[in-house]
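Enquirer: One structure follows; several queries about it will come next.
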Amino acid sequence: MDFEPVNADHAVQSATFSVAFDGPVSPASVQALGRRRDLTSELPAVQNPEGIELNIAPSGTPAPRRMQGVQLAHLRPDGTPAWALRLMGQELAVDCTRYTRWARIWDTAQRYLRVGLSVIPSGDRSRKVTVLGHTVVDQFVANRDEYELSELLKKSRFMANLTFEAGPTWHNHVGWFEKGSDSHLWLNQLNVDAIREPNSGQLLVLVTHNQEVRFAAPLELTAVDDCLDETMNKLHSQNKLVLEELLSPEMSKKIGLGG
């Protein structure tokens, strides 16, 4: 084949699980997460990243506000995180770049998210959740510049016909809302990019599927606790359906989409 998945039995480069709140969490919540010893035993690299949020003052002038966050991570020898839990501004997120299979990864990510959610009431008793999100990046390596794209991708509603004759590098981005309910909108964003890696010159195809369940009315933290597992499993199933429609049958089989 002209393409190989980035891993022997799957193509997942990274998976992110996120919770967005209806406003910035308090410094007390950030500090509380950084002190959780049950997490730091698994995620010992603790950092305090900073960010800038721009708010518009009544006069119309941008008013920058400094945000303090916390990240707990398990680092590889090269310093890159295999797992990371972040709380900053209005978002709690788990990043995983050591993917194996869904059940094992989600079990760990869910545990980290639930601990992160548990620290919020310490300083934000009225904070609510507006979005649950899940992003998966799959990576495929081209074995030659004159590759046959049909060995990796099918012609489908997600792909422009031009990409199959565009040469070695191209971009194909599409977004849509799945049928949700009156209580939420379900956003899908699918970016498929053929790029040349700057250092090695290797040709890569990246498939980035971002999903957001946007609640019409913000949810209480207790309600999120009840629906977190069901929602993320639903997003995982949707990711598999999209990949099955996008990838060639040979590649789908190779990365175990049926499992």
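Enquirer: Can you give me the P(r) profile for the range 98-178? Cα pairs, bins 10 angstrom wide beginning at 0, each as a whole percent.
Expert: The calculated distribution, bin by bin, is 11, 29, 24, 20, 12, 3.
Enquirer: Still on this model: Please work out the Kirkwood hydrodynamic radius for the range 209-259, using every pair of different C-alpha atoms, and report it in angstroms with one decimal place. Could you put the intermediate results ahead of the total?
Expert: Numbers: mean 1/r = 0.0777 Å⁻¹.
Here the Kirkwood hydrodynamic radius works out to 12.9 Å.
Enquirer: Only helical DSSP H runs with n ≥ 4 go in: add -39500 (n - 2.57) per run for the chain, normalise by residue count and round the 222 nm mean residue ellipticity to 500 deg cm²/dmol.
Expert: On the way: 5 runs with 62 residues, N = 259.
Per the formula, -7500 deg cm²/dmol.
Enquirer: Measuring from label point to label point, each 7 Å out along Cα→Cβ, what is the Phe177 to Thr108 span in nm?
Expert: 3.6
Enquirer: Moving on. For the chain, build the charge dipole from Cβ charges (+1 Lys, Arg; -1 Asp, Glu) around the Cα centre, then report which of Leu241, Val119, Leu162 sits farthest towards its positive end.
Expert: Looking along the dipole axis, the top candidate is Val119.
Enquirer: Arrange the peptides 86-92, 158-164, 44-50 so that the one whose residues have, on average, the most other Cβ atoms within 10 Å appears first.
Expert: Details: 86-92: 20.9, 158-164: 13.9, 44-50: 12.1.
So the order, starting with the most tightly packed, is 86-92, 158-164, 44-50.
Enquirer: Packing-wise, with mean Cβ within 10 Å as the measure, how do 234-246, 97-109 rank, highest first?
Expert: 234-246, 97-109
Enquirer: So, one more: In debye to the nearest 20, how big a dipole does the chain give about its Cα centre with +1 on each Lys and Arg Cβ and -1 on each Asp and Glu Cβ?
Expert: Values: 26 positive and 32 negative charges, 155 e Å.
My answer is approximately 740 debye.
Enquirer: Using only the Cα atoms of the chain, what are the Rg and Dmax in Å?
Expert: So, for the chain, Rg and Dmax equal 19.9, 60 Å respectively.
Enquirer: What does the extension gain come out to for Thr97 and Ala216, with contour length at 0.36 nm per residue minus their alpha carbon separation? Each step should come with its number before you reach the end.
Expert: Values: separation 119, 0.36 × 119 = 42.84 nm, distance 3.14 nm.
Length gained between Thr97 and Ala216: 39.7 nm.
Enquirer: Oh, and also: Using the beta-carbon distance between Glu4 and Glu50 and R0 = 35 Å, what value does 1/(1 + (r/R0)^6) give for FRET efficiency, to the nearest 0.05?
Expert: Details: r = 39 Å, r/R0 = 1.12.
E between Glu4 and Glu50, to the nearest 0.05, is 0.35.
Enquirer: Hey, any idea what Rg/Rh is for the range 163-203, computing Rh the Kirkwood way over Cα pairs? Display every interim value, and only then the final one.
Expert: Values: Rg = 15.9 Å, Rh = 12.8 Å.
Computed over Cα atoms, the ratio is 1.25.
Enquirer: Suppose R0 equals 30 Å. What FRET efficiency, 1/(1 + (r/R0)^6) with r the Cβ-Cβ distance, do Ser41 and Ala223 give to the nearest 0.05? Let's see the in-between values first.
Expert: Details: r = 30 Å, r/R0 = 1.00.
Calculated transfer efficiency: 0.50.
Enquirer: Given contacts defined as C-alpha pairs under 8 Å and at least six residues apart, what's the relative contact order of the chain, whole-number percent? If you can, show how the numbers build up before the last one.
Expert: Working: 508 pairs, mean separation 58.2, N = 259.
With pairs under 8 Å counted, the relative contact order is 22 percent.
Enquirer: My understanding is that a pair violates if its Cα-Cα distance is over 30 Å; which of Lys128/Lys154; Lys179/Lys253; Lys128/Lys254; Lys128/Lys234 do that in this structure? Can you show the working numbers first?
Expert: Numbers: Lys128/Lys154 41 Å; Lys179/Lys253 28 Å; Lys128/Lys254 41 Å; Lys128/Lys234 21 Å.
Beyond 30 Å between Cα atoms: Lys128/Lys154; Lys128/Lys254.
Enquirer: Can you work out the FRET efficiency for the pair Gln202 and Ser118, with r the C-beta to C-beta distance and R0 = 41 Å, to the nearest 0.05? Display every interim value, and only then the final one.
Expert: Numbers: r = 42 Å, r/R0 = 1.04.
In this case the efficiency is close to 0.45.
FYI, it's all coordinate maths here, none of it is from the lab. What you see is a predicted model, and the numbers here were worked out from it, not measured in a lab. Neighbour counts are summed over all protein chains in view; Cβ atoms, including those assigned to glycine, are modelled from backbone coordinates with ideal geometry.
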